[in-house]
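Enquirer: Quick one: this structure, given as structure tokens, is what I'll be asking you about.
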Amino acid sequence: LSVLLLNGPNLNLLGTREPGVYGSATLADVVSACTALAEGAGAQIAAFQSNHEGALVDRIQAAGRDGVDAIVINPAAYTHTSVAIRDALLGTGIPFIEVHISNIHAREAWRHHSYLSDKAVAVIAGMGVKGYEYAMQHVLSTFKKRVV
Ligand code: DQA
């Protein structure tokens, strides 16, 4: 199985960014925890973070060409704005799980809407950075190789 872990804008600042909301773990911690899970299950993992919408779209398109089987994505602020990221995911047909560190439903009203959730296999919000690991465990235990 081949999994892509995608993170959107400002998640490179995890660890120092609003620690009361997002905790003290860094993005490197998240990537290494998910890598350990993937490797333990004999799966391949690639991780990518960008602050740029188009770079995320390009990376999703590349995953489609590369035959990636699953995407775990925290689109960050683009969750609430990006038709382009939604269309890229739908365009590749790769099943994805949407992760939010914070509970977006307990925050500002404009964070309650996601452009991705109605197309996601599952949505995790409010479990802190552990949510990435739960998403990865679900992918590793239930997803199948895609027939491309
Ligand atoms: C976030 C929630 C978004 O509303 C916010 O813009 C982020 C992070 C989360 O992980 O809780 O950057 O996706």
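Quick note: the coordinates plus some simple rules give every number you see, no bench work behind them. Model, not experiment: these values are computed from the prediction. Because the Cβ atoms are built from the backbone with ideal geometry, glycine has one as well, and the counts that use them run over all protein chains shown.
Enquirer: With θ set to phi - 60° and the Karplus curve 6.51 cos²θ - 1.76 cosθ + 1.60, what are the ³J(HN,Hα) couplings of segment 32-41 in order, to the nearest whole Hz, using x for Gly and Pro?
Expert: 6, 5, 5, 5, 4, 5, 5, 5, x, 9
Enquirer: Give me D for the chain in µm² s⁻¹, whole number, from Stokes-Einstein with Rh from the Kirkwood sum over alpha-carbon pairs, 20 °C and 1.002 mPa s.
Expert: Rounded to a whole number, D works out at 142 µm²/s.
Enquirer: Would you grab the residues whose amide H sits under 5 Å from the one on Ala122? Only those 5+ places off in sequence or on another chain, please, with H modelled 1.01 Å from N.
Expert: Placed amide hydrogens put Glu98 under 5 Å from Ala122.
Enquirer: Can you show me the helix-derived [θ] at 222 nm for the chain, built from DSSP H runs with n ≥ 4 at -39,500 (n - 2.57) apiece and divided by the number of residues, rounded to the nearest 500.
Expert: -11000 deg cm²/dmol, from helical runs alone.
Enquirer: What residues have an amide H closer than 5 Å to that of Leu5, excluding those fewer than 5 places away on the same chain, when H is modeled at 1.01 Å from N in the peptide plane?
Expert: Here the answer is Ala46, Ala47, Phe48, Val72, since their amide H atoms fall under 5 Å of that of Leu5.
Enquirer: Just tell me which aspartates and glutamates come within less than 12 Å, Cα to Cα, of Lys145; anything on the same chain fewer than 8 places away is out.
Expert: Straight-line reach from Lys145, under 12 Å: Asp69.
Enquirer: Convert each backbone phi in segment 67-72 into a coupling constant with the Karplus relation 6.51 cos²θ - 1.76 cosθ + 1.60 (shift: θ = phi - 60°), then list the ³J(HN,Hα) values in order as whole Hz, x for Gly and Pro.
Expert: Each residue's phi maps through the Karplus curve to give x, 4, 8, 7, 10, 9 Hz.
Enquirer: Where nothing but the Cβ of Lys and Arg (+1) and of Asp and Glu (-1) is charged, how large is the charge dipole of the chain around its Cα centre, in debye to the nearest 20?
Expert: Approximately 200 debye in magnitude.
Enquirer: Please report the spacing between the Cα centers of segment 15-36 and segment 40-69 in Å, no decimals.
Expert: 19
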